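Report on the following structure.
The values are calculated or read from the model by the stated rules, or taken from the named source; none is laboratory data. Since the structure is predicted, the reported quantities are computational estimates derived from the model, not experimental observations. Every residue, glycine among them, receives a Cβ derived from its backbone with ideal geometry; neighbour counts consider all protein chains shown.
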Amino acid sequence: MKNNTNKKPEGLALPEGAKPGPNCGVTAMAIAAGISFDSAWDILEKIHTNRRGGLLSNIKTKNNMFSKKIKFTGGTYDNERREAYRKIGLKYKKFILKEICNIAKFATKNKYAYNLNLKQFVEWGAVKNKTYIVTTTHHVQVVKDGWVIDQGGPKHIDEFNGKLKHVNEILEVTKIRKASKNNKYENKV
């Protein structure tokens with residue numbers, strides 16, 4: 001069932017300088033914060049490099065997981081994105097999936113009651129005019145008013161390929177704080 005009457009919300013577009021590839025976390029952060037793709041990339045690359053080059057960078061392991069040689073290719077982890085949100089002043093509220101499932105009256109008798117997929121969240125848990133950063137299985141996207149956007153561009157939830165992916169984390173973007181004058185990220189926001 002396609003909903004053609006629902007128009008794409010304002011501000012739901014790919015950021016300036018967006019690139020294709022495995023960079024969904026970078027793209028989602030740029031869209032939610034309203035910054036360019038390159039700015040988001042620089043911030044996340046710096047965080048990624050700093051995390052990889054910590055105290056354990058000189059330890060040789062089987063797969064060199066602590067080596068500084070690991071180049072940032074656009075893949076991000078939840079903790080790296082949260083640190084980047086903090087640095088650029090993006091405020092968010094984390095949702096507890098159990099509460100959303102109870103609000104939606106989603107399969108409460110089912111033992112897998114908290115296996116919420118993206119389409120179910122958009123239909124049952126998303127509030128109109130609010131922006132969400134949703135982490136699903138190996139993917140991050142921005143959701144607003146029944147539309148989903150990732151590095152492939154904006155699509156209505158019914159046309160989105162990952163609509164049946166399991167939701168791992170939902171962050172509601174509450175506000176973007178302006179960076180202070182002495183903050184090194186002041187020109188990024």
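For segment 94-120, how many residues meet the condition of being modelled with pLDDT under 90, under 22 Å from T174 (Cα atoms) and touching a helix residue (DSSP H, G or I) at 6+ places or on another chain (Cβ under 8 Å)?
Residues flagged as modelled with pLDDT under 90, under 22 Å from T174 (Cα atoms) and touching a helix residue (DSSP H, G or I) at 6+ places or on another chain (Cβ under 8 Å) within segment 94-120 amount to 4.
Of the residues that sit in segment 130-149 and are touching a residue at least 40 places away in the same chain (Cβ under 8 Å) and in a loop (DSSP other than H, G, I, E, B), which one is surrounded by the fewest Cβ atoms within 10 Å (Cβ to Cβ)? If you could, list the steps in order and put the result at the bottom.
If we filter segment 130-149 for residues that are touching a residue at least 40 places away in the same chain (Cβ under 8 Å), which is where we start, we get 130-133, 135, 139-142, 144-147, 149.
If we keep only those that are in a loop (DSSP other than H, G, I, E, B) too, we end up with 130, 145-146.
Details: K130: 13, D145: 19, G146: 18.
Residue satisfying both the conditions and the ranking: K130.
Could you say which residue among I35, I43, I70, I31 is at pLDDT 90 or above and in a loop (DSSP other than H, G, I, E, B)? Let's see the steps before the verdict.
Numbers: I43 fails: in a loop (DSSP other than H, G, I, E, B); I70 fails: at pLDDT 90 or above; I31 fails: in a loop (DSSP other than H, G, I, E, B).
One residue alone meets the criteria, I35.
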